[in-house]
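K.L.:
Let me give you the structure first, and then I'll get to my questions.
The values are calculated or read from the model by the stated rules, or taken from the named source; none is laboratory data. Fair warning: this is a prediction, and the values are worked out from it, not measured in the lab. Positions of Cβ are backbone-derived with ideal geometry, glycine not excepted, and every protein chain shown enters the neighbour counts.
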Amino acid sequence: MKLIHQGKTKDIYDAGDGLAVLYFKDDVTGTEAGIDPGANQVIGQLEGKGIAALRTSRYFFDLFTRMGLPNHYVSCDEGQRRMTVRKAKWLGLEFICRYKAVGSFVRRYGKWVEEGKPLAGLVEITVKDDERGDPLINDESIVALGILSADQVEEAKNIVRKAAGIVREELSRLGLELLDLKFELGLVDGELLIIDDVSGDNMRVRKDDRAVDSLELSRLVCR
């Protein structure tokens with residue numbers, strides 16, 4: 001298979017026939033303060049993190065499929081740490097659903113917001129660009145740049161809200177609190193789909209006021 005993208009926590013390969021393969025790595029992102037799924041810099045490795053992220057992603061993609069939410073998942077091979085997906089047109093955007101003010105939201109708006117403030121499922125959209133610090137982009141700019149139509153932007157945000165709500169409800173059932181969750185969306189034959197992964201690599205979760213890492217999240221969700 002041909003490597004088509006080398007990411008921070010996953011590598012993507014062209015599998016042919018409209019399919020791609022995601023290989024889940026043990027690399028973790030963070031800052032000087034420690035592991036942070038919202039950070040853009042790889043700070044090291046955590047043994048078992050790749051398979052944990054794969055298992056959690058499979059769990060939630062299966063759940064999305066049962067709930068009728070469009071996504072790119074096809075199958076997975078835990079032994080190879082690989083997930084086969086439908087190849088989608090990448091939008092270059094990230095959609096963040098926020099239930100509490102943490103991370104970059106507080107760093108950006110700290111003058112006006114205290115950490116932990118409820119945000120009621122606010123959806124922010126950022127440009128996926130590490131060098132520019134993943135800047136915010138508004139709906140009108142997305143339309144002006146020809147990335148999506150106005151109707152597609154609204155549809156994308158609705159998909160994100162529904163998906164985040166499903167994840168939040170499932171985690172709550174396990175005694176876990178979802179603070180925020182980042183999605184990527186893509187297009188397959190003009191249809192918007194949830195792509196990439198749905199794991200501890202892109203969400204902040206707490207249990208009893210302490211952070212839950214990717215390995216613990218996988219054990220709790222997939223047991």
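K.L.:
Does the stretch 46-55 contain any residue that is at pLDDT below 95, assigned to a loop (DSSP other than H, G, I, E, B) and aliphatic (A, V, I, L, M)?
P.N.:
yes
K.L.:
Take the conditions in the same structural domain as Leu148 (by TED's automatic domain parsing) and within 19 Å of Thr29 (Cβ to Cβ) and apply them to Leu93. Does it pass?
P.N.:
yes
K.L.:
When both residues are 6+ apart or on different chains and their Cβ atoms are under 7 Å apart, which pairs have a first residue that lies in the stretch 135-155 and is among the hydrophobic types (A, V, I, L, M, F, W, C), and a second that is surrounded by fewer than 14 Cβ atoms within 10 Å (Cβ to Cβ) and in a helix (DSSP H, G or I)?
P.N.:
Val143/Ala150
K.L.:
Give just the number: which of (1) charged (D, E, K, R); (2) assigned by TED's automatic domain parsing to the domain that holds Ala164; (3) out of contact with any strand residue (DSSP E or B) (no Cβ under 6 Å at 6 or more places or on another chain) does Asp77 not satisfy?
P.N.:
(2)
Table: residues versus (1) within 17 Å of the chain's Cα centre (by Cα); (2) surrounded by fewer than 17 Cβ atoms within 10 Å (Cβ to Cβ); (3) at pLDDT 95 or above; (4) not in a strand (DSSP E or B).
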{"site": "Gly68", "(1), (2), (3), (4)": "no, yes, yes, yes"}
{"site": "Val85", "(1), (2), (3), (4)": "yes, no, yes, no"}
{"site": "Glu94", "(1), (2), (3), (4)": "yes, no, yes, no"}
{"site": "Val102", "(1), (2), (3), (4)": "yes, no, no, yes"}
{"site": "Arg108", "(1), (2), (3), (4)": "no, yes, no, yes"}
{"site": "Leu119", "(1), (2), (3), (4)": "no, no, yes, no"}
{"site": "Glu131", "(1), (2), (3), (4)": "no, yes, no, yes"}
{"site": "Asp134", "(1), (2), (3), (4)": "yes, no, no, yes"}
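K.L.:
If you go through the stretch 177-191 one residue at a time, do you hit one that is within 15 Å of the chain's Cα centre (by Cα) and over 25 Å from Gln45 (Cα atoms)?
P.N.:
yes
K.L.:
Can you pull out the residues in the stretch 177-216 that are part of a helix (DSSP H, G or I) and either crowded, with 24+ Cβ neighbours inside 10 Å or of a type in the set (D, E, K, R) (or both)?
P.N.:
Scanning the stretch 177-216 gives Ser214, Glu216.
K.L.:
Only one of (1) within 19 Å of Met83 (Cβ to Cβ); (2) surrounded by fewer than 19 Cβ atoms within 10 Å (Cβ to Cβ); (3) hydroxyl-bearing (Ser, Thr, Tyr) is not met by Ser172, so which one is it?
P.N.:
So Ser172 meets the others, but not (1).
K.L.:
Take Val143 and tell me if it is under 17 Å from the mean Cα position of the chain (by Cα) and among the aliphatic types (A, V, I, L, M).
P.N.:
Considered against the rule, which asks whether it is under 17 Å from the mean Cα position of the chain (by Cα) and among the aliphatic types (A, V, I, L, M), Val143 comes out as no.
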